[in-house]
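To keep things clear, I will list the structure first and then write my remarks on it.
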Amino acid sequence: MGAKTFFSKSEQQQIVDAIAVAEKNTSGEIRIHLDDTCKGDVLDAAAHRFNQLKMYKTELRNGVLFYLSVNDHQFAIIGDKGINEKVPEGFWDSVRDTVITNFKQKQFALGLIKGIEMAGEKLKQYFPYQSNDKNELSNEISFR
């Protein structure tokens, strides 16, 4: 199965909608990226995609990437410097664990949506929505 067909069109829309809802209350940015395979360490692959997607270019350095390598069953979350300096230690681990718990039940879209909601709450707490906020990064799922 390839990354582009991993989620149905309906599931993709549910995920994109969850990102839009989460970002409605924050200046933070959330993206989802799916690769077919991951060569090497999943965190390194996620960091590479984070840079390729130019997620470090947000004004407050508060981007969050959910990275999934579908054929290797690898998953990682990467937060930029601004958000990583704010969230409590172990926060990303708890998000990852929530997502993976759902993945193990074959609820892949739901797992990501729950993770997006958790990240969105922390982004809202530390980077609340400002009236001049603009969507700095696409909400669409990216694939490779």
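The values are calculated or read from the model by the stated rules, or taken from the named source; none is laboratory data. Please read all numbers here as calculations on a predicted model, not as lab measurements. Note: ideal-geometry Cβ built from the backbone for every residue, glycine included; neighbour counts use all protein chains shown.
Within region 99-106, identify whether any single residue is surrounded by fewer than 18 Cβ atoms within 10 Å (Cβ to Cβ), under 21 Å from residue 12 (Cβ atoms), in contact with a strand residue (DSSP E or B) (Cβ under 8 Å, 6 or more places away or on another chain) and of a type in the set (Val, Ile, Thr), and answer yes or no. Yes: region 99-106 contains one or more residues that are surrounded by fewer than 18 Cβ atoms within 10 Å (Cβ to Cβ), under 21 Å from residue 12 (Cβ atoms), in contact with a strand residue (DSSP E or B) (Cβ under 8 Å, 6 or more places away or on another chain) and of a type in the set (Val, Ile, Thr). When each of 81, 57 is tested for being surrounded by fewer than 18 Cβ atoms within 10 Å (Cβ to Cβ), of a type in the set (Lys, Arg), more than 22 Å from residue 4 (Cβ to Cβ) and at pLDDT below 95, the lone residue that passes is 57.
Do you know which of the residues in region 24-53 that are in contact (Cβ under 8 Å) with a residue 40 or more places away in the chain and part of a loop (DSSP other than H, G, I, E, B) is surrounded by the most Cβ atoms within 10 Å (Cβ to Cβ)? Top of the filtered list is 28.
Assess whether residue 57 counts as being in contact (Cβ under 8 Å) with a residue 60 or more places away in the chain, within 23 Å of residue 127 (Cβ to Cβ) and of a type in the set (D, E, K, R). In short, yes. Residue 27 fulfils the conditions (1) over 12 Å from the mean Cα position of the chain (by Cα); (2) over 14 Å from residue 80 (Cβ atoms); (3) among the small types (Gly, Ala, Ser) except for a single criterion, (2).
Could you tell me whether residue 47 is at pLDDT 95 or above and either more than 15 Å from residue 7 (Cβ to Cβ) or more than 16 Å from the chain's Cα centre (by Cα) (or both)? It is true that residue 47 is at pLDDT 95 or above and either more than 15 Å from residue 7 (Cβ to Cβ) or more than 16 Å from the chain's Cα centre (by Cα) (or both).
Here are 95, 64: which of them is in contact with a Gly (Cβ under 6 Å, 6 or more places away or on another chain), under 21 Å from residue 4 (Cα atoms) and of a type in the set (A, V, I, L, M, F, W, C)? Just one listed residue meets the conditions, 64.
Scanning region 85-101 for any residue that is modelled with pLDDT of 95 or more, more than 28 Å from residue 129 (Cα to Cα), in contact with a Ser or Thr (Cβ under 8 Å, 6 or more places away or on another chain) and of a type outside the set (Ser, Thr, Tyr) turns up nothing.
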